[in-house]
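For reference, the structure discussed in these notes is given below.
The values are calculated or read from the model by the stated rules, or taken from the named source; none is laboratory data. Since this is a predicted model, take the numbers as computed values, not measurements. Note: ideal-geometry Cβ built from the backbone for every residue, glycine included; neighbour counts use all protein chains shown.
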Amino acid sequence: MKDLFRGELVRFTMEEPEMRAKAEVRWARDTEFHRLASGYPAQLSSEKKTREWFEKQAEGLKPERYSFCVRTLAEDKYIGFLGLWVDLTHSEAWVGLGIGEREFWSHGYGTDMMKLCLQYAFTELCVERVSLGVHEYNPRAVRSYEKCGFRLEGRTRKDVLREGRYTDSLWMGILRDEWLRMQNGDQK
Amino acid sequence: MFDIQTQLFEDQDIRFGPIDHEKDPEIEARWTHDSEFMRLMETSPARPMSAAMVKKQYEKLEKQVEEDKNLYHFMIRAKADDRLIGKASIYWIEWTNGNGFLRVGIGAAEDRRKGYGTQALRMLLRFAFAELNLFRVAVTVPEYNEGAAALLQKFGFVQEVCRRKSLERDGCRWDLYLFGLLNDEWRNQARV
């Protein structure tokens, strides 16, 4: 069987709450990182509060929520996170990811994380589709998602106001059949 | 014209009002026994509810309105006798981005196709754009709810997103559409 938690550049782990909180608090101070990933206002939480949040998450694992920490294979460095929210009724998963360590941007780590995530979603969670939203001002992410097989399904016009400019959100999705066809193509 | 005279919560045949915790639970509980209505309104699994359950939901809803400050909820009532007809709400409001989602439902089958939905949406849009000053609003519509799509298009909504095969119902997979309308599009259009 395939190793679900190991890609070509990264692996999925789950770090202890202290470790996650330390990293998260540091990454949150990078507002470019925040604005690439989120449409909400940037916010600074204490390490204590963040740790308590992760501790609470560790206490009760929910069947609709899957979180991973991401480490590089080469350096074993903790660089980011990836989360899945599953709609169990309609067999759909939403994905969000972030690479907090900036020196690992633009080197294929995000694409590798997403490929690993799709394998997990379609072969372990067995969902029918995976969905995501991304800001139009983050074209690097859009290209990465396209490489993984996501298709653009539309844009919500001017739904994020940043620096006085209304920008669009893009919505992408990949269906189980599409992903399976890609996998079969790879093996030929 | 600067119009503060025209009532926000009154239209031709209907008005918006608050929840009546005594009378409404029984009526809304009846609606939940209509699986077709529930499946047009919600993507979560339909289930029949008792009046006591609906009452609890109302309490939860009012608590959410008070605490989260990103939700407005109205009961739709007949102007003639204040009878409960449906409900309308603006939810998931993001104040910093100026957007929110709308939802309108006419509960009883005999009250549908009488223009109440049109009037409710007209009031809800004026509230969203002229009172809350939102910049845009959105509505999610399953592919099988053709009535809703037609109503939204009448008000100038644009289909912005088609999330392919996002829902499973009756053994089929259905698309989920997202419709959007901007404040200036609403302001510059002929009134429906």
Q: Scan the stretch B:103-121 for residues that are buried (at least 19 other Cβ atoms within 10 Å of the Cβ) and either under 25 Å from A:VAL160 (Cα atoms) or of a type in the set (Gly, Ala, Ser) (or both) and jot them down.
A: B:VAL104, B:GLY105, B:GLY107, B:GLY117, B:ALA120, B:LEU121
Q: Of all residues in the stretch B:153-192, count the ones that are buried (at least 19 other Cβ atoms within 10 Å of the Cβ) and either of a type in the set (Ser, Thr, Tyr) or in contact with a His (Cβ under 8 Å, 6 or more places away or on another chain) (or both).
A: 3
Q: Can you tell me which residue among A:SER91, A:SER67 is under 24 Å from A:LEU170 (Cβ atoms) and in contact (Cβ under 8 Å) with a residue 40 or more places away in the chain?
A: A:SER67
Q. Given the residues B:TYR177, B:TYR91, which is the only one that is in contact (Cβ under 8 Å) with a residue 12 or more places away in the chain, among the hydroxyl-bearing types (Ser, Thr, Tyr) and within 14 Å of chain A (Cβ to nearest Cβ)?
A. B:TYR177
(Q) Suppose we keep only residues that are basic (Lys, Arg) and surrounded by fewer than 18 Cβ atoms within 10 Å (Cβ to Cβ) within the stretch B:78-102. Which one would you say is nearest to B:VAL65 (Cα to Cα)? (A) B:ARG83
Q.
So if I check each of B:ALA150, B:ALA138, B:ALA128, which one is within 17 Å of the chain's Cα centre (by Cα), without any contact (Cβ under 8 Å) to a residue 24 or more places away in the chain and either crowded, with 19+ Cβ neighbours inside 10 Å or assigned to a helix (DSSP H, G or I) (or both)?
A. B:ALA150
Q. For the stretch A:112-125, does any single residue satisfy the condition of being of a type in the set (Ser, Thr, Tyr) and either within 11 Å of another protein chain (Cβ to nearest Cβ) or in contact with a Phe, Trp or Tyr (Cβ under 7 Å, 6 or more places away or on another chain) (or both)?
A. no
Q: Go through the stretch A:128-151 and count every residue that is within 14 Å of chain B (Cβ to nearest Cβ) and either crowded, with 21+ Cβ neighbours inside 10 Å or in contact with a Gly (Cβ under 9 Å, 6 or more places away or on another chain) (or both).
A: 9
**Q.** Selected residue (criterion: nearest to the chain's Cα centre (by Cα)) from residues of the stretch A:1-50 that are of a type in the set (S, T, N, Q) and under 25 Å from A:THR167 (Cβ atoms)
**A.** A:SER38
Q: Look through the stretch A:80-106, keep the residues that are in contact with a strand residue (DSSP E or B) (Cβ under 7 Å, 6 or more places away or on another chain) and β-branched (Val, Ile, Thr), and return whichever of them is farthest from the other protein chains (Cβ to nearest Cβ).
A: A:ILE99
Q | Residue within the stretch A:58-69 that is assigned to a helix (DSSP H, G or I) and among the aromatic types (Phe, Trp, Tyr) present | A | no
Q) On the given criteria, is A:GLY110 farther than 30 Å from B:ASP170 by Cβ, in contact with a strand residue (DSSP E or B) (Cβ under 9 Å, 6 or more places away or on another chain) and either of a type outside the set (Phe, Trp, Tyr) or crowded, with 20+ Cβ neighbours inside 10 Å (or both)? A) yes
Q.
A:GLY83 - would you say it is of a type in the set (Gly, Ala, Ser) and closer than 18 Å to A:LEU116 by Cα?
A. yes
Q.
Cβ-Cβ under 9 Å, sequence separation 6+ or interchain: first residue in the stretch A:154-169 and over 17 Å from B:TRP92 (Cα atoms) and at the interface with chain B (Cβ under 9 Å from one of its Cβ atoms), partner among the small types (Gly, Ala, Ser) and not in a strand (DSSP E or B). Which pairs?
A. A:ARG162/A:GLY39; A:TYR166/B:GLY98
Q) Is there a residue being of a type in the set (A, V, I, L, M) and in a loop (DSSP other than H, G, I, E, B) anywhere in the stretch A:15-29? A) no
**Q.** Selection count where residues are aliphatic (A, V, I, L, M), touching a helix residue (DSSP H, G or I) at 6+ places or on another chain (Cβ under 8 Å) and surrounded by 14 or more Cβ atoms within 10 Å (Cβ to Cβ), scope the stretch A:153-188
**A.** 3
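Per-residue answers, yes or no, for (1) within 27 Å of A:THR89 (Cα to Cα); (2) away from chain A (no Cβ under 13 Å):
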residue	(1), (2)
B:THR96	no, no
B:ARG112	no, yes
B:PHE155	no, yes
B:GLY171	yes, no
B:ARG187	no, yes
Q. Any residue at all in the stretch A:28-40 that is more than 26 Å from A:VAL142 (Cβ to Cβ) and modelled with pLDDT of 95 or more?
A. no
Q: Please give the number of the condition A:GLY60 fails out of (1) more than 14 Å from chain B (Cβ to nearest Cβ); (2) modelled with pLDDT under 95; (3) surrounded by 13 or more Cβ atoms within 10 Å (Cβ to Cβ).
A: (3)
